[in-house]
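Below you'll find the structure, written out as structure tokens, and then a few comments.
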């Protein structure tokens, strides 16, 4: 993976382009009631040039010590940045160790608090896009993906779910230590820890469902078709990119579901026993391909996450007896046509990262491409896209270039209209049907 040397335009205060991280080893001790976290982060990294200063992103914790290659170094910690001053660091492999403690709290943003957040009885981590420093020191930029080991010790009454595979669980007195390993590269905002008094069920091979006691019937019903969903998406998008998939349903209500790598988190309000929110189940599952395996290099390209996951809702709908993608597209085209025509999909701006038009115009862009090139070419393109960039980073330019290579049809005007111009284009017509 090549780390971009271009400063992130949307969140320029996050990240450091002087190094890239290869592995995070996080050892955490957490007390739920008082919300106290003690952590040791050992970060294996590669300096891309000789360095005398480097930074990590870290929230309002007390930092007890920082070591580089085992030796203490001078540091300052202010404004969410941990500044390190090693005497001299050559290009190549090195390690950082940070010992810290305090009361984790979300990172302030345009969209409210992001990251580590207390539930009524437990914890949720929802970090997109800049909330990871709320609980561990990191190089917080989406194009710096690394493997992880996450160890969490907490009271034995609670279950801990984190990214990757559970490799050990050790009980000692009144606490239990849970250790997870995430082998596939992961962006810092996708790292996650969920803590609660949960029960667990299997939905299929490598598919787990975690939920509060007393909610088994409703939860199992609402997620019962997830195995079929996985089969449809595997056929359309290519092989599922991770070793397992876990759905967590919290006992609290959440405004929206949250994706993490190999995991999705729903609020109890997203479960009604009637599959009333099944489109969200499809959306979050699709993020495992589009967002988690294929992660944007820069947040300007977020439509490559949300537009693709929104289009997956339509794909599931037409494959499960619901409305066709054409009908969804026509309905949403009418809705977006009635809104102000002041939105550029390929560069929405930081305050509009989660504007509904990122989601729906993104899906419409894909449907316009599908109508233009035909189903066979379109889904072959998606499978080539996910295979060629598996566990990597992507850009809008890379996607449009791949699409252009796969067809003799001219696509420049299509992509310019849908991605670069504010006015919503007309949908390409289907034979025998007006758009």
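In this structure, does residue 45 turn out to be touching a residue at least 24 places away in the same chain (Cβ under 8 Å), in a strand (DSSP E or B), over 21 Å from the mean Cα position of the chain (by Cα) and farther than 25 Å from residue 156 by Cβ? Criteria met by residue 45. Filtering the stretch 169-218 to residues that are crowded, with 23+ Cβ neighbours inside 10 Å and not in a strand (DSSP E or B) leaves 187, 188, 189, 190, 191, 192. Just to be sure I understand, how many residues within the stretch 133-151 are surrounded by 24 or more Cβ atoms within 10 Å (Cβ to Cβ) and assigned to a strand (DSSP E or B)? Final tally of qualifying residues: 2. Annotation: of all residues in the stretch 90-132 being in a strand (DSSP E or B) and touching a helix residue (DSSP H, G or I) at 6+ places or on another chain (Cβ under 6 Å), the one that is surrounded by the most Cβ atoms within 10 Å (Cβ to Cβ) is 116. If you check residue 367 against the conditions, is it farther than 21 Å from residue 284 by Cα and outside any loop (DSSP other than H, G, I, E, B)? Considered against the rule, which asks whether it is farther than 21 Å from residue 284 by Cα and outside any loop (DSSP other than H, G, I, E, B), residue 367 comes out as no. A search for C-beta distances below 6 Å between a residue of the stretch 381-392 that is under 16 Å from residue 407 (Cβ atoms) and any residue that is modelled with pLDDT of 95 or more and part of a loop (DSSP other than H, G, I, E, B), counting only pairs 6+ apart in sequence or on different chains, returns 383/238.
Would you check if residue 227 is closer than 14 Å to residue 281 by Cβ, outside the structural domain of residue 310 (by TED's automatic domain parsing) and in contact (Cβ under 8 Å) with a residue 12 or more places away in the chain? When the stated conditions are applied, residue 227 passes them.
Selection of helices (runs of 4 or more DSSP H) fully inside the stretch 239-355 by the criterion of at least 2 residues being out of contact with any helix residue (DSSP H, G or I) (no Cβ under 9 Å at 6 or more places or on another chain) returns 325-337.
Scanning the stretch 64-89 for residues that are surrounded by 12 or more Cβ atoms within 10 Å (Cβ to Cβ) and not in a strand (DSSP E or B) yields 69, 73, 80, 86.
The values are calculated or read from the model by the stated rules, or taken from the named source; none is laboratory data. On a predicted model such as this, the values are computed, not experimentally measured, just so you know. Cβ sites come from the backbone with ideal geometry, for glycine too, and all protein chains shown count toward neighbours.
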